[in-house]
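The structure appears right after this line, and notes come after that.
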Amino acid sequence: MSNKEVKAALKSARDAIRNKDYKEALKHCKAVLKQEKNNYNAWVFIGLAAAELEQPDQAKGAYKKAIELEPNQLLAWQGLANLYEKPNQIDVKGDLADVYQKLLELYESGDKQKWCDVCNKLVELYHQEKKYLEVAETWQKLIRRKQEEGAEKAELHQLWKKMIQLLKDSTRNQDNKTGQLLLTAFEHALTSADTVPGEDHQNLYKDFIQCLSKFPHEIARLEKACHDMMALYPTISYPLEVLCLHFVHSGTLSEKALHCFSRLFEMDASSGPGIIGFGIKCLKEKKYKEAVESLTEGLQKTNQCPVAWHYLAEAQMKIHEHRNAVLSCNQALEALGTPEGPNLRWKNHALQLKAETLIKIADADAAEEAIKALEQIVDASNDPVVSALRGQAYLNKGLMDQASKISQELLLCHPDLAEAHALEGFIHYSQKNYEQAEKSFLNAIEKKAGTAEYHQYLGLTYWFMSDETKKDKGKALTQFLKAAKLDSYLGSAFYYLGNYYRDIAGDKSRARGCYKKAFELDETDEESGTAAVNLSVELGDMDTALSILNEVTGKARPGTAKWAWLHRGLYYLRTGQPSQAVADLQAALRADPKDSNCWESLGEAYLNRGSYSTALKSFRKASELNPGLVYSIYRAAALEQILGKYENAIATYQEILKKTENYVPALKG
């Protein structure tokens, strides 16, 4: 076949392809290859025809042979790209990307539009494969080319925005190089915007700041972006909110952070992050109740701040709302999930705080939960304070040997650790080894003098050690006073001060004040409430007694606060108000239906009201619960006599006289 015939055969092949007669085209190409086996165009035409006849392997082989012969010719690369782009081609995306890369190289100095089209296809391919770094680098090449061609600012702005859109999901991977390219795209998009300030520009700034907040190492850049946006949009609270959340999460409550909290709160008093920031500021200023209120409100308004739950638990712990603090710790742990980096540190803090709080609750179930929380702390075995907490939890659970072992190890390895000496003190105190407990608590106070709990336990040690130390003003009293001064929310310290003033000093007025304070701090402390009421009665101050009882009964749920209902019912009984007495004593019995004395008092109230039948039932119930209540049995007999049940009355009187021969009321009856 002559050169002329080869050209004719190739022309025939081209015509056959144009007419979609692909088999005819293959015949002509094969004829050419018999004569010229390295004919580039023949191999390209075979590739094209085979692809149309759905013979992809033959097509790929033909294109690759052509590329081998002429690596810098376009036709074979274009054909191979078209082949790989067909929907029936599987697992060829990597090869297609290589083909696009070569086409970009070949179009570099030629067809600008085709170069851009291939560039877009390559970016789309990388994006499908989530290869965000390649997306970013390729799209940047496109922008650079457009800049060299003198593209308008508006077109470049749209290209930068498109790059942001392409990379928006890349922040999950936290790849630093891709992240930097994304942030650079934001900065270029912001500077190339037409209308500044304007709504689109403002939204773009918000997205930029939100993106920056996902990069822990970009703190300086985040702060600068927030301040720049505040300067442009002084009435928009968003950048301040992000800054506040950043400061909250960082855990560094600097003056700059506190200023940021105040500024946001002034700008928008309903902003969740602003209210949270204000709550943390209150916590730092030791305004614990205000802190609890603000943090609770702030957390209702935003779910973007798991760390705020930790601060809320801390504030609740300070005012000894232990069960609420445990719930807040649980919320913090749930919101943090399975964290890494800074969040892991917060998870450890929340677990430790939860354990501390559960130990304060001081029952076996809480101790078990505290041990479980401590086991979840990463690297806990290297923290002696965590070990001391574990020792306390074991002690609360009654596992004395394990607690003692931890105590001994801590004292050996960490002799200067206050918590180690305190744990030893708690162990001795629980075993009533008061002299050893005194030494341990004094050592703990020497190492950490500002801990109210250590002073309180030293005071209790003196209280139970001997009458001499109990009465010595420099011993128990001094330590209780120090505990109350160091922690003005520690209700138990005021309760013990009340005990001292009532039982040792004989100062009823001062004792009443201490019990009242203890009860105000902890309304579940029935002993303090009862003591405050009783002393008020003794001091002739019924107004104070009633005000305490009214406050408790006003808040009480059905079946609770028995002591308050009982005290107020007895007061009404004494003061000739039997109907009110009946209502209160019934409420007391709802809390404790087996209190025989309460049934007896209820019978007395019904009797005074003239309700003889119900009074009889109440006295009978009292004597059933406690057969030793002779007064109730006598009252029942007297009521049977009043109601004309004489035989029953006589039998009941005789029953009393068998037990108590000279019981005059029964003889008289």
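The values are calculated or read from the model by the stated rules, or taken from the named source; none is laboratory data. In this text, all values refer to a predicted model and were calculated from it rather than measured experimentally. FYI the Cβ positions are ideal-geometry reconstructions off the backbone, even for glycines, and counts take in every protein chain you see. What goes into the accessible areas is simple: the full protein's heavy atoms, side chains included, and nothing from ligands, DNA or RNA. Shrake-Rupley method; radii C 1.70, N 1.55, O 1.52, S 1.80 Å.
Taking the condition open to solvent by 20 Å² or more (accessible area, probe 1.4 Å) and over 19 Å from Ser579 (Cα atoms), does Asn626 pass? Talk me through it step by step, then tell me what you get.
Numbers: open to solvent by 20 Å² or more (accessible area, probe 1.4 Å): yes; over 19 Å from Ser579 (Cα atoms): yes.
Yes.
Can you work out which of the residues in the range 397-423 that are in contact with an Asp or Glu (Cβ under 7 Å, 6 or more places away or on another chain) and under 19 Å from Thr461 (Cβ atoms) is least open to solvent (accessible area, probe 1.4 Å)?
Ranking the qualifying residues of the range 397-423, first place goes to Ser407.
Go over the candidates Thr252, Thr171, Thr191 one by one and state the one that is under 22 Å from Gln158 (Cα atoms), free of Cβ contacts under 8 Å to residues at least 12 places away in the same chain and surrounded by fewer than 20 Cβ atoms within 10 Å (Cβ to Cβ).
Only one candidate qualifies: Thr191.
So which residues in the range 352-389 are farther than 18 Å from Trp309 by Cβ, surrounded by 22 or more Cβ atoms within 10 Å (Cβ to Cβ) and not hydrophobic (A, V, I, L, M, F, W, C), if there are any at all?
Selection gives Ser387 alone.
Which numbered condition trips up Gln89, out of (1) outside any helix (DSSP H, G or I); (2) open to solvent by 90 Å² or more (accessible area, probe 1.4 Å)?
(2) is the only condition that Gln89 fails.
Is there any pair with a first residue in the range 500-518 that is farther than 13 Å from Leu477 by Cα and a second that is open to solvent by 60 Å² or more (accessible area, probe 1.4 Å) and not hydroxyl-bearing (Ser, Thr, Tyr) whose Cβ atoms are under 7 Å apart and which are 6 or more apart or on different chains, and what are they?
Partner pairs satisfying both residue conditions: Lys508/Arg502; Lys508/Glu538; Lys508/Leu539; Ser509/Leu539; Arg512/Leu539.
Only one of these is part of a loop (DSSP other than H, G, I, E, B) and either of a type in the set (A, V, I, L, M, F, W, C) or open to solvent by 60 Å² or more (accessible area, probe 1.4 Å) (or both): Glu334, Glu340. Name it.
Details: Glu334 fails: part of a loop (DSSP other than H, G, I, E, B).
Testing whether each residue is part of a loop (DSSP other than H, G, I, E, B) and either of a type in the set (A, V, I, L, M, F, W, C) or open to solvent by 60 Å² or more (accessible area, probe 1.4 Å) (or both) leaves just Glu340.
Just checking, which of Leu103, Leu75, Leu83, Leu10 is in contact with a helix residue (DSSP H, G or I) (Cβ under 7 Å, 6 or more places away or on another chain), over 30 Å from Lys131 (Cα atoms) and in a helix (DSSP H, G or I)?
The match here is Leu10.
Name the single residue, out of those in the range 509-533 being out of contact with any Phe, Trp or Tyr (no Cβ under 8 Å at 6 or more places or on another chain) and not in a loop (DSSP other than H, G, I, E, B), that is surrounded by the fewest Cβ atoms within 10 Å (Cβ to Cβ).
Selected residue: Ser509.
Being open to solvent by 30 Å² or more (accessible area, probe 1.4 Å), assigned to a helix (DSSP H, G or I) and closer than 23 Å to Ile164 by Cβ is true for just one of Arg263, Arg221. Which residue is that? I'd like the intermediate steps shown before the answer.
Details: Arg263 fails: closer than 23 Å to Ile164 by Cβ.
After ruling out the rest, the residue left standing is Arg221.
With (1) open to solvent by less than 50 Å² (accessible area, probe 1.4 Å); (2) under 23 Å from Ala638 (Cα atoms) as the list, and Arg609 as the residue in question, which single condition is left unmet?
(1)
Evaluate the following for Lys141: is it closer than 23 Å to Cys211 by Cβ, modelled with pLDDT of 90 or more, open to solvent by 90 Å² or more (accessible area, probe 1.4 Å) and out of contact with any His (no Cβ under 7 Å at 6 or more places or on another chain)?
yes
Would you say Leu616 is of a type in the set (A, V, I, L, M), at pLDDT below 90 and either assigned to a helix (DSSP H, G or I) or open to solvent by 20 Å² or more (accessible area, probe 1.4 Å) (or both)?
Criteria met by Leu616.
Name the one entry in Thr296, Thr302 that is open to solvent by 50 Å² or more (accessible area, probe 1.4 Å) and of a type in the set (Val, Ile, Thr).
Numbers: Thr302 fails: open to solvent by 50 Å² or more (accessible area, probe 1.4 Å).
Of Thr296, Thr302, the one residue that is open to solvent by 50 Å² or more (accessible area, probe 1.4 Å) and of a type in the set (Val, Ile, Thr) is Thr296.
When the range 287-312 is examined, which residues are found to be touching a residue at least 12 places away in the same chain (Cβ under 8 Å) and more than 14 Å from the chain's Cα centre (by Cα)?
If the condition is that a residue be touching a residue at least 12 places away in the same chain (Cβ under 8 Å) and more than 14 Å from the chain's Cα centre (by Cα), then Tyr288, Lys289, Ala291, Val292, Glu293, Ser294, Glu297, Lys301 are the ones that fit.
Can you spot a residue in the range 173-182 that is of a type in the set (Lys, Arg) and at pLDDT 90 or above?
no
May I ask you to list the residues in the range 424-464 that are open to solvent by 50 Å² or more (accessible area, probe 1.4 Å), assigned to a helix (DSSP H, G or I) and over 26 Å from Met317 (Cα atoms)?
Within the range 424-464, Glu435, Gln436, Lys439, Phe464 qualify.
Identify the single condition in (1) assigned to a helix (DSSP H, G or I); (2) of a type in the set (D, E, K, R); (3) loosely packed, with under 14 Cβ neighbours inside 10 Å that Lys162 does not satisfy, given that it satisfies every other one.
Of (1) assigned to a helix (DSSP H, G or I); (2) of a type in the set (D, E, K, R); (3) loosely packed, with under 14 Cβ neighbours inside 10 Å, only one is false for Lys162: (3).
Collect the residues in the range 144-159 that are closer than 18 Å to Asn203 by Cβ and open to solvent by 90 Å² or more (accessible area, probe 1.4 Å), keeping them in residue-number order.
Matches in the range 144-159: Gln158 only.
Hey, among the residues in the range 465-499 that are open to solvent by less than 20 Å² (accessible area, probe 1.4 Å) and of a type in the set (Gly, Ala, Ser), which one's farthest from the chain's Cα centre (by Cα)?
Ala476
Can you tell me which of (1) without any contact (Cβ under 8 Å) to a residue 12 or more places away in the chain; (2) open to solvent by less than 30 Å² (accessible area, probe 1.4 Å) is the one Ser536 doesn't meet?
It fails just one condition, (1).
What residue, of Glu624, Glu604, Glu600, is within 51 Å of the chain's Cα centre (by Cα) and not in a loop (DSSP other than H, G, I, E, B)?
Numbers: Glu624 fails: within 51 Å of the chain's Cα centre (by Cα); Glu604 fails: within 51 Å of the chain's Cα centre (by Cα).
After ruling out the rest, the residue left standing is Glu600.
Please verify whether the range 45-59 includes one or more residues that are more than 15 Å from Val6 (Cβ to Cβ), part of a loop (DSSP other than H, G, I, E, B) and among the acidic types (Asp, Glu).
Yes, that holds for at least one residue.
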